[in-house]
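To start, the structure under review is shown below, and the notes come after it.
The values are calculated or read from the model by the stated rules, or taken from the named source; none is laboratory data. The structure displayed is predicted, hence computed values, not measured ones. Here Cβ is always computed from backbone atoms with ideal geometry, including for glycine, and neighbour counts include all displayed protein chains. Note: accessible area is taken over every heavy atom of the protein model, side chains too, but ligands, DNA and RNA are not part of it. Shrake-Rupley method; radii C 1.70, N 1.55, O 1.52, S 1.80 Å.
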Amino acid sequence: MAVSGELRARALECLVETDPAAKTAGVAALAAASASGAAHLDSAAVLHPGAAIPGRPPRPELVPPRLVGRRSMATVEGRAMLIHALAHIEFNAVNLALDAMWRFPGMPPRFYTDWLRVAKEEAAHFSMLSAHLQTLGHQYGDFPAHDSLWEMAEKTRGDILARMALVPRTLEARGLDAIPPVRAKLAQAGDLAAAAILDVILREEVGHVEIGNRWYGHLCALRGLDPVPTYAELATRYEAPVLKGPFNIEARRQAGFTEAELARFA
């Protein structure tokens, strides 16, 4: 991938890349360049995409969530459909982290390196799930998928506070609740390799949600806003999904949710 040496511009180039393998390789190269000091940061630059956002392959076909199909753990194909859905979530998560890097100028340097870390780890998650999917006789793109995660990114593209509130600490935080029961189903079905992958994903997703929580708190403090009522107002304004339990309270606590916030999940 031919890329420039500026961190946010390179993130944008990774974002518009359509080939999943090239995108994940580009993210790994960008993380290495950042760690070595080869990629410098211009946090004030106003960037403009040269291609459609996000870059994605022609498949999977994107359909409404109700049309994705049922995933029976009793068959290999059903398990493959589930792994495919998880891989699609991780692919979207790579794009979401890259989008946060290029789209929002003027943040402290750590904001951009935090989201680069997220992009790198999400890319690794996608690669692990894609490789496991191949052991089940399928590849990414074989099944339809939905686009709910990216739809919220579109809604919040004009306000970094809304983005931090409603993508990492709302939609992605739902993974903290959803992964343990999914892992249990896969393990019960005998897919211990997939269960081990989900162990890694859950552990690292706690850190990703913590990053969203931390920057949401930072932005609320800058704007003189109370985080709890501000979140409720943003969720209403942007029509965020209503969260349903059961909730992984301990994982959410580790990810930086306050006791006041956790009380509403009790």
Only one of 234, 222 is open to solvent by 20 Å² or more (accessible area, probe 1.4 Å), assigned to a helix (DSSP H, G or I) and within 25 Å of residue 101 (Cβ to Cβ); which? 222
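Out of 151, 121, which single residue is part of a helix (DSSP H, G or I), at pLDDT below 95 and of a type in the set (D, E, K, R)?
On the way: 121 fails: at pLDDT below 95.
Of 151, 121, the one residue that is part of a helix (DSSP H, G or I), at pLDDT below 95 and of a type in the set (D, E, K, R) is 151.
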Can you go through 206, 167, 182 and tell me which one is in contact (Cβ under 8 Å) with a residue 24 or more places away in the chain, in a helix (DSSP H, G or I) and either more than 25 Å from residue 101 (Cα to Cα) or open to solvent by 30 Å² or more (accessible area, probe 1.4 Å) (or both)? 182
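Looking at region 97-117, which of its residues are aliphatic (A, V, I, L, M) and open to solvent by 10 Å² or more (accessible area, probe 1.4 Å)?
Filtering region 97-117 down to residues aliphatic (A, V, I, L, M) leaves 97-98, 100-101, 107, 116.
If the condition is that a residue be aliphatic (A, V, I, L, M) and open to solvent by 10 Å² or more (accessible area, probe 1.4 Å), then 107 is the only one that fits.
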Considering only region 118-129, how many residues are surrounded by 24 or more Cβ atoms within 10 Å (Cβ to Cβ) and of a type in the set (D, E, K, R)? 1
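Please enumerate the residues belonging to region 30-40 that are open to solvent by 40 Å² or more (accessible area, probe 1.4 Å), touching a residue at least 12 places away in the same chain (Cβ under 8 Å) and either in contact with a Lys or Arg (Cβ under 7 Å, 6 or more places away or on another chain) or among the small types (Gly, Ala, Ser) (or both). Break it down into steps so the answer makes sense when it comes.
Initially, region 30-40 is screened for residues open to solvent by 40 Å² or more (accessible area, probe 1.4 Å), giving 32, 35-38, 40.
If we keep only those that are touching a residue at least 12 places away in the same chain (Cβ under 8 Å) too, we end up with 38, 40.
The answer is 38, and nothing else.
Could you list all residues from region 240-265 that are without any contact (Cβ under 8 Å) to a residue 12 or more places away in the chain and either part of a helix (DSSP H, G or I) or touching a helix residue (DSSP H, G or I) at 6+ places or on another chain (Cβ under 8 Å) (or both)? Spell out how you get there, then give the answer.
We begin by selecting, within region 240-265, every residue without any contact (Cβ under 8 Å) to a residue 12 or more places away in the chain; these are 242, 244, 250, 253, 259, 263-264.
Result: 250, 253, 259, 263, 264.
I'm trying to understand the selection: among the residues of region 185-199, which are open to solvent by 10 Å² or more (accessible area, probe 1.4 Å) and part of a helix (DSSP H, G or I)?
185, 187, 188, 192, 193, 196, 197, 199
Residues checked against (1) over 17 Å from residue 99 (Cβ atoms); (2) modelled with pLDDT under 95:
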position: 2; (1), (2): yes, yes
position: 8; (1), (2): no, no
position: 18; (1), (2): no, no
position: 23; (1), (2): no, no
position: 32; (1), (2): yes, no
position: 41; (1), (2): no, no
position: 59; (1), (2): yes, no
position: 68; (1), (2): yes, yes
position: 71; (1), (2): yes, yes
Which residues, counting only those in region 71-91, are among the β-branched types (Val, Ile, Thr) and buried (at least 16 other Cβ atoms within 10 Å of the Cβ)? 83, 89
